[in-house]
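The block underneath contains the structure these notes are about, expressed in structure tokens.
The values are calculated or read from the model by the stated rules, or taken from the named source; none is laboratory data. Since we're looking at a predicted model, the values are computed, not measured. Counting neighbours? That spans all protein chains shown, and the Cβs are built from the backbone with ideal geometry, glycine included. We work out accessible area using only protein heavy atoms, side chains counted, and drop any ligands, DNA or RNA first. Shrake-Rupley method; radii C 1.70, N 1.55, O 1.52, S 1.80 Å.
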Amino acid sequence: MKYSRPSVKVRPPGPSARAIISRDEKVVSQSNWRYLPLVIKDGEGSFIEDVDGNVFLDFNSGAATQVLGIDHPAVVEALKRQTSAMATYQPIPGYFYNELVVELCEKLAGITPGGGEKKVSLGLSGADATDTAMKLARWHTKRKRFISFTGSNHGLATYGALSVSGYSSSTVRGFSPLVPEVTHIPFPYPYRWAGEKEPGQWVLDYLEEHVFRTIVPPDEVAGIFVEPIQGDGGVLVPPGGFLERLQEICSRHGILFIVDEVQTGFGRTGKMFASEHWGIDPDVVLLGKPLGGGTPVSACVTRREIMDWPHGSHVLTAAGHLLGCAGALSMMRVLEDERLWENAARVGSFMKARYQKMQNEYEIVGDVRGLGLLLGVEMVRSKDSKEPGVAEAKKACLLAFESGLLTAYDGLYGNVFRITPALNITERLAGVGLDIMEEAVAGVQRAQRHR
Ligand SMILES: Cc1ncc(COP(=O)(O)O)c(C=O)c1O
């Protein structure tokens, strides 16, 4: 192993990082998030090295893409093998056939939640998987409308995905008109819920009693998009019964139940897929982020009778790229051989307990939630007011970074740490990161008191 612990030699961003950031600002589109001034040079497992020689422990794992950590030897070996066999050919599912593509689709068809025999449409990003599902749902149902949730992120880079996402008004400002006929309803947010009714019940009563009665005929809805746990929306775990009732509403009205497991899939939440926590049976499942083992691969998986569109109706030149297929198959092999969802559940419980202890001890830690290694830590100005601690999250993220820990924050107000380490992280390393994070939170709270 190249690294065993975080080590900050030069306060980041150091001189080499600053020089590259200044070049970046001149030529790279500045539309990306860029949470921290980190310029990556190398990495291994749960560690990232920057261009100034600082080593960071990674609680973000590339926006939850690296379930095995960076450069897992089995994935690297599979990519090398594929590179020496054939590395560069592109439009395979688009034009021709290849066994590796079939193997990957057979594997996904076999493990993805939802009953029946399945078919798979491969892609490169969560956003294109969402667009695939939108096109397919309209084609198959001959209906035009969609329902989705505020706070959801189904992708921001394509017009379809942007239109069903309800992530933030800053992602749609200036880009209208979006794809029409999408109606957003709130996603249950128990921590901030002030009503008397249980929030999941309130939302679905609102859908049935208001939306369906007044503005959206349910028999015109092609699909409802939902994340089983809203990730970027602030790690919102829906109350029990919510997803089950949503599925029942879909089946009663002939609406496709489209479950986005792009962030929650492949062991992240302590089960292979988050759908398993509630025993739901999606009609369509979207996969992405970790699927390619660090290479860009996404998939839209559904029953064979739903994927009934004709030749030539949906083609993406680089989909099914052989390096991506090799990366995905080797990632799933390691995940299953090592049953990494079990480690995610175990280390996730340990981490959650530590964050809950912090919640008891620090006035600015308002809520702790999540399943497995998808944890949300909501920062507030004070527990009584619950006023979103946006500056607090930003400052704690920066302080942790300066001490060698990578985190990111998100959510409706931008005040929720989304903690998503690699699934093979050890309790010991998780503890090292938690110590750094606690020190950062304590520092922010001390500074807040002295203001
Ligand atoms: C649940 C979910 N779906 C879809 C996407 C979009 O993925 P991509 O950025 O690869 O388009 C994201 C990205 O964060 C996501 O979290």
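Applying the criteria of a DSSP loop state and at most 16 other Cβ atoms within 10 Å to the trypsin sites (Lys or Arg not before Pro) of segment 240-347 yields R304, R339. The accessible-area ordering, largest first, of the residues W341, W202 stands as W202, W341, per a 1.4 angstrom probe.
When the alpha-carbon atoms of segment 270-385 are used, the pair Rg, Dmax equals 19.4, 60 angstrom.
When nucleic acids and ligands are ignored and a 1.4 Å probe is applied, E363 ends up with an accessible area of around 70 Å².
Any chance you could run the full-extension gain for T426 through S176? It's 0.36 nm times the residue separation minus the Cα-Cα distance, nm to one decimal.
Extra length available between T426 and S176 comes to 85.4 nm.
Extension gain for the segment E338 to Y95, taken as residue separation times 0.36 nm less the Cα-Cα distance, is 83.9 nm to one decimal. Ordered from largest to smallest accessible area (heavy atoms of protein chains, 1.4 Å probe), the residues D435, D232 come out as D435, D232. Each label was represented as a point 7 Å from its Cα along the Cα-to-Cβ direction; for E276 and D205 these points are 3.5 nm apart. Seen from a random direction on average, the alpha-carbon convex hull of segment 125-237 projects onto 7.4 square nanometres. One quarter of the convex hull surface built on the alpha carbon atoms of segment 337-419 amounts to 5.8 nm², the projected area averaged over directions.
Surface analysis of the chain yields an accessible area of 43 Å² per residue, using protein heavy atoms and a 1.4 Å probe. Accessible surface of Y35, taken over heavy atoms with a 1.4 Å probe and every protein chain present, rounds to 80 Å². Can you give the FRET efficiency for A19 and A447, using 1/(1 + (r/R0)^6), R0 = 35 Å, r = Cβ-Cβ distance, to the nearest 0.05? E between A19 and A447, to the nearest 0.05, is 0.70. Sorting T269, T141 on solvent-accessible area from highest to lowest, probe radius 1.4 Å, gives T141, T269.
Find the Rg to Rh ratio for segment 74-337, where Rh is the Kirkwood radius over alpha-carbon pairs and Rg uses the same atoms.
0.97
Taking Cα centroids, how far is segment 224-269 from segment 86-112 in Å? Computed from Cα coordinates, the inter-centre distance equals 27 Å. Helical content alone sets the calculated 222 nm signal of the chain at -11500 deg cm²/dmol, taking -39,500 (n - 2.57) per DSSP H segment of four or more residues and averaging over every residue. Calculated on the Cα set of segment 201-315, radius of gyration then Dmax: 15.3, 45 Å. For E336, the accessible surface of its heavy atoms amounts to roughly 60 Å² (probe 1.4 Å, protein chains only, rounded to the nearest 10).
Surface composition of segment 297-363: carbon and sulfur atoms hold 48% of the protein heavy-atom accessible area at a 1.4 Å probe.
Mind checking the alpha-carbon convex hull of the chain and giving the volume per residue in Å³? Don't skip to the end; give the middle numbers.
Working: hull volume 69.1 nm³, N = 451.
Hull volume normalised by residue count: 153 Å³.
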